[in-house]
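The numbers here are math on the coordinates, done by the rules we state, and not lab data. All of these numbers come straight from a predicted model, not from anything done at the bench. Neighbour counts are summed over all protein chains in view; Cβ atoms, including those assigned to glycine, are modelled from backbone coordinates with ideal geometry.
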Amino acid sequence: MESHKYLSIEEKIEEARALYAAWSDRLCSDERVRDLLVRMEERIKASMGAMRALRVVQACKWCEEQEGGSCCGAGIENRYDPLQLLINLLLNASLPDRRKYPDSCYFLETDGCCLEARHVLCVNYLCKRLEESLAGEELEALQTIVGEELDTGFALHEAVRKGLGRRSGDG
Ligand code: SF4
Ligand code: SF4
């Protein structure tokens, strides 16, 4: 199989869409994949809720709109492989056909990130300013919630990979 490392983001999206067309019915009839998709939706909702409550979402939006750009820089999209993008399609995310902002991540849209299941770097990252604005217990609670999303995302990635009959390490 061709290594995903050498594919452009457009090619990875194309591969994810082809996998979705060929496999989504079979994957969604796999009980483990189906359960994990539901769990993932719940975990993403919980993380976003916590980030909103702690004003992280609002702070990043401020950077994007008022300070000339957020931390969603061009090139971060290259961290994603076709399987992660397939998982996003299974979670009803809509993947863009073109980059909206030349200096930003391919997945940054007018109203923020268009992905549902995001890379560990995207989910985990807090700048120093945000980190310092949170109390110790707030930071700890956020890390726990985000950790649950990441653990579920990992389990889902493995279940989808197995469902596709791929070996460990295949993208
Ligand atoms: S992480 Fe910090 S610097 Fe980056 S967009 Fe959010 S608030 Fe701005
Ligand atoms: S959060 Fe979304 S838009 Fe921002 S860098 Fe990550 S994938 Fe790109």
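Before moving on, here are some points about what is shown:
- Stretchable slack from Asn78 to Leu134, in nm (0.36 nm times residue separation minus alpha-carbon distance): 17.1 nm
- Relative contact order %, segment 4-163, counting alpha carbon pairs below 8 Å whose residues are six or more apart: 33 percent
- Cross-link pairs beyond the 22 Å C-alpha cut-off, checked among Lys45/Lys128; Lys45/Lys162; Lys61/Lys128: Lys45/Lys128; Lys45/Lys162
- Applying a 4.7 Å Cβ-Cβ cutoff to the chain leaves Cys28, Cys60, Cys63, Cys71, Cys113, Cys114, Cys122, Cys127 as cysteine residues with no disulfide-compatible partner.
- Using a Gaussian network model of the chain in which every pair of alpha carbons under 10 angstrom is joined by a spring, one finds that among Gln66, Gln143, Gln84 the greatest mean-square fluctuation is at Gln66.
- Listed by Cβ neighbour count within 10 Å, with the fewest neighbours leading, Arg43, Arg79 appear as Arg79, Arg43.
- Across q = 0.08, 0.18 Å⁻¹, the chain modelled as identical point scatterers on its alpha-carbon atoms has Debye log10 I(q)/I(0) values of -0.25, -1.21, in the order of the q list.
- Estimated at 0.36 nm per residue, the fully extended path between Asn124 and Ala18 surpasses their Cα-Cα distance by 35.2 nm.
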